[in-house]
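A short worksheet on the structure shown next.
The values are calculated or read from the model by the stated rules, or taken from the named source; none is laboratory data. Everything quoted here is computed from the prediction, not taken from an experiment. With ideal geometry, Cβ positions are generated from the backbone for all residues, glycine too; neighbour counts draw on all protein chains shown. Note: accessible area is taken over every heavy atom of the protein model, side chains too, but ligands, DNA and RNA are not part of it. Shrake-Rupley method; radii C 1.70, N 1.55, O 1.52, S 1.80 Å.
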Amino acid sequence: MKDDVKLGKADQELIAAARATIKRRYRGDWQEVGAALRTRSGKIFTGVNLDAYLGRMAVCAEAVALGQAVVDLGDAGIDTIVAVRHPTPEEDDQTIAVVSPCGACRELIFDYDPNARVIVPIAELLPNKYTRGPER
């Protein structure tokens, strides 16, 4: 996420929780995305993606965090959710960056709380956006 994006203390805390989770559980091609979810009651839940040899068997980090929230609190509602991606060791930029939820996670988040807020750079939601001038 770009440094010029203004986020509140609560958003920064949620991003830090997601980053700490994936730092702790990163395993190459198996766990590379971490997520943190704050319920409407203020409790934070985290998760990592569960990859699988068969791609359709994989589970996203957002779904894992949501599952933990549902098990612990029931239907507490999603205030805010964020996902971050750990870079591979070969990548030049080693920043654990905020990423957009996939389409299935967008649907899942909406199903559980249509008023949920997702922290994501707008460029992730509008990739390859046509512009008239030079990129910013």
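Quick rundown of the values:
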read-out: Residue selected from the range 37-57 under the condition open to solvent by 40 Å² or more (accessible area, probe 1.4 Å) and without any contact (Cβ under 8 Å) to a residue 12 or more places away in the chain, by the criterion nearest to A104 (Cα to Cα); value: R56
read-out: Number of positions in the range 90-102 that are open to solvent by less than 50 Å² (accessible area, probe 1.4 Å) and either more than 19 Å from V64 (Cβ to Cβ) or out of contact with any helix residue (DSSP H, G or I) (no Cβ under 7 Å at 6 or more places or on another chain) (or both); value: 1
read-out: Residue within the range 5-22 that is part of a loop (DSSP other than H, G, I, E, B), among the basic types (K, R) and in contact (Cβ under 8 Å) with a residue 24 or more places away in the chain present; value: no
read-out: Candidate set from the range 103-136 (those that are of a type in the set (K, R) and modelled with pLDDT under 90); member that is surrounded by the most Cβ atoms within 10 Å (Cβ to Cβ); value: K129
read-out: Residue match in the range 61-80 (condition: surrounded by fewer than 14 Cβ atoms within 10 Å (Cβ to Cβ) and closer than 18 Å to W30 by Cα); value: no
read-out: Members of the range 39-60 found to be of a type in the set (F, W, Y) and either touching a Leu at 6+ places or on another chain (Cβ under 6 Å) or over 17 Å from R27 (Cα atoms) (or both), listed by number; value: F45
